[in-house]
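Only one structure is covered here, and it is reproduced in the block below.
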Amino acid sequence: MLEQTRIVLVNTTHPGNIGAVARAMKNMGLSDLCLVAPKLFPHPDAFARSSGAADLLESARVVETLDQALADCHLVVGTSARGRHIPWPLLNPRQMAAVATTLQPQSRLAVVFGREDRGLTNEELQLCHHHVHIPTNEAFSSLNVAAAVQVIAYELRMAVLDQDKAEAPQWGVSWDIDLAENRELELLFDHLEQTLVDIDFLDPDNPRQLMNRLRRMILRAVPDKVEVNVLRGILTKVERLAASRKPGGDDV
Ligand code: SAH
């Protein structure tokens, strides 16, 4: 499971933190590091702080957008130092690691970490199946990003070491179909949004929280590829019917 886990850092400001993350990861047996638009990278401070983990920095993938970092991931977890406007399914690191041990061997987990100053945006957090909060002092809740990676990576490692004993949640175990990848889910959400606009259920000028609520519901189910295809098939049919009912539309 450690090989299946990707650590994603969004817009990191200090290259030293990237180095410290690489070190924390290598200590715990993680190796897949993805950097989304880092401010300064590569940088000597990153290499200095990585100690013996320069190999992780050399193999780190640098991408422009979070979507690119997550496209081939099946389970996405976003970390946050504080509660947000719409609560999302929330786990602590130990619960998250227990879920991770139930992933099929071909599935990939991404754990996403935010900017030093502002964390992750609501939009970024809404890309995630689950959120993880490290239960810190409420009056001083924000860890250094590399310290947060260390805690998460440690729990993942402990879960692997304890795997035989763990009573983990059961979804994803010996499932007959692969879980949908993030890119497939994002296409589903685009399709759903378009259909809801076409049938006048969603007002694009006043969308409120509708798409976020639907996103949260669908992500909570952690859908597989066939489920996503079925939903998209239904949407296509709804769109055709709606078009045929509009004046001048085609008959179905
Ligand atoms: N001021 C920011 C904190 C940024 S700390 C905010 O309020 O969101 C940088 C990153 O470290 C966060 O985006 C998150 O990925 C991680 N982090 C820090 N403290 C955390 C905590 N208690 N639980 C989970 N992640 C945490």
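The values are calculated or read from the model by the stated rules, or taken from the named source; none is laboratory data. All of these numbers come straight from a predicted model, not from anything done at the bench. Here the Cβ is made from the backbone with ideal geometry for all residues, glycine too, and neighbour counts use every protein chain on show. The area values use the complete protein model at the heavy-atom level, side chains included, leaving out ligands, DNA and RNA. Shrake-Rupley method; radii C 1.70, N 1.55, O 1.52, S 1.80 Å.
Being out of contact with any helix residue (DSSP H, G or I) (no Cβ under 6 Å at 6 or more places or on another chain), outside the structural domain of Cys73 (by TED's automatic domain parsing), among the charged types (D, E, K, R) and open to solvent by 30 Å² or more (accessible area, probe 1.4 Å) is a property that holds for Asp203. Residues in the range 97-117 that are at pLDDT below 95 and assigned to a loop (DSSP other than H, G, I, E, B): Thr101, Thr102, Leu103, Gln104, Pro105, Gln106, Ser107. Being of a type in the set (A, V, I, L, M, F, W, C), closer than 27 Å to Leu103 by Cα and open to solvent by less than 10 Å² (accessible area, probe 1.4 Å): is that true of Ala46 here? Considered against the rule, which asks whether it is of a type in the set (A, V, I, L, M, F, W, C), closer than 27 Å to Leu103 by Cα and open to solvent by less than 10 Å² (accessible area, probe 1.4 Å), Ala46 comes out as no. For the range 147-157, a tally of residues being surrounded by 23 or more Cβ atoms within 10 Å (Cβ to Cβ) and small (Gly, Ala, Ser) returns 2. Val222 meets the stated requirement of being in a loop (DSSP other than H, G, I, E, B), surrounded by 12 or more Cβ atoms within 10 Å (Cβ to Cβ) and in contact (Cβ under 8 Å) with a residue 12 or more places away in the chain. Among residues of the range 68-80 that are within 19 Å of Ile218 (Cβ to Cβ) and touching a residue at least 24 places away in the same chain (Cβ under 8 Å), those with a Cβ under 6 angstrom from a residue that is part of a strand (DSSP E or B) and more than 14 Å from the ligand (Cβ to nearest atom), sequence gap 6+ or separate chain, pair up as His74/Leu179; Leu75/Leu109.
Scanning the range 76-96 for residues being more than 12 Å from the ligand (Cβ to nearest atom) and either over 17 Å from Leu179 (Cβ atoms) or at pLDDT 95 or above (or both) gives a total of 7. A residue that is open to solvent by 20 Å² or more (accessible area, probe 1.4 Å), over 21 Å from Lys26 (Cα atoms) and within 16 Å of the ligand (Cβ to nearest atom) occurs nowhere in the range 97-114.
Scanning the range 143-166 for residues that are in contact with a strand residue (DSSP E or B) (Cβ under 7 Å, 6 or more places away or on another chain) and within 12 Å of the ligand (Cβ to nearest atom) yields Val145, Ala148, Val149, Ile152. Looking only at residues of the range 57-94 that are of a type in the set (Ser, Thr, Tyr) and either outside the structural domain of Val160 (by TED's automatic domain parsing) or part of a loop (DSSP other than H, G, I, E, B) (or both), we find that the one that is surrounded by the most Cβ atoms within 10 Å (Cβ to Cβ) is Ser80. Take the residues in the range 158-171 that are surrounded by fewer than 21 Cβ atoms within 10 Å (Cβ to Cβ) and in a helix (DSSP H, G or I), then tell me which one is modelled with the highest pLDDT. Looking at the filtered set, the residue picked out is Met158. Cβ contacts < 6 Å: first residue among the polar types (S, T, N, Q), restricted to the range 180-198; second residue open to solvent by 50 Å² or more (accessible area, probe 1.4 Å) and not in a helix (DSSP H, G or I), any location; separation 6+ or different chain. Result? Pairs that qualify, where the first residue is among the polar types (S, T, N, Q) and the partner is open to solvent by 50 Å² or more (accessible area, probe 1.4 Å) and not in a helix (DSSP H, G or I): there are none. Selection over the range 172-196 of residues that are open to solvent by less than 40 Å² (accessible area, probe 1.4 Å) and part of a helix (DSSP H, G or I) gives a count of 9. Note on the range 23-43: residues that are assigned to a loop (DSSP other than H, G, I, E, B) and within 17 Å of Gln4 (Cα to Cα) amount to 3.
In the range 121-142, the count of residues that are more than 15 Å from the ligand (Cβ to nearest atom) and either outside any helix (DSSP H, G or I) or modelled with pLDDT of 95 or more (or both) is one or more.
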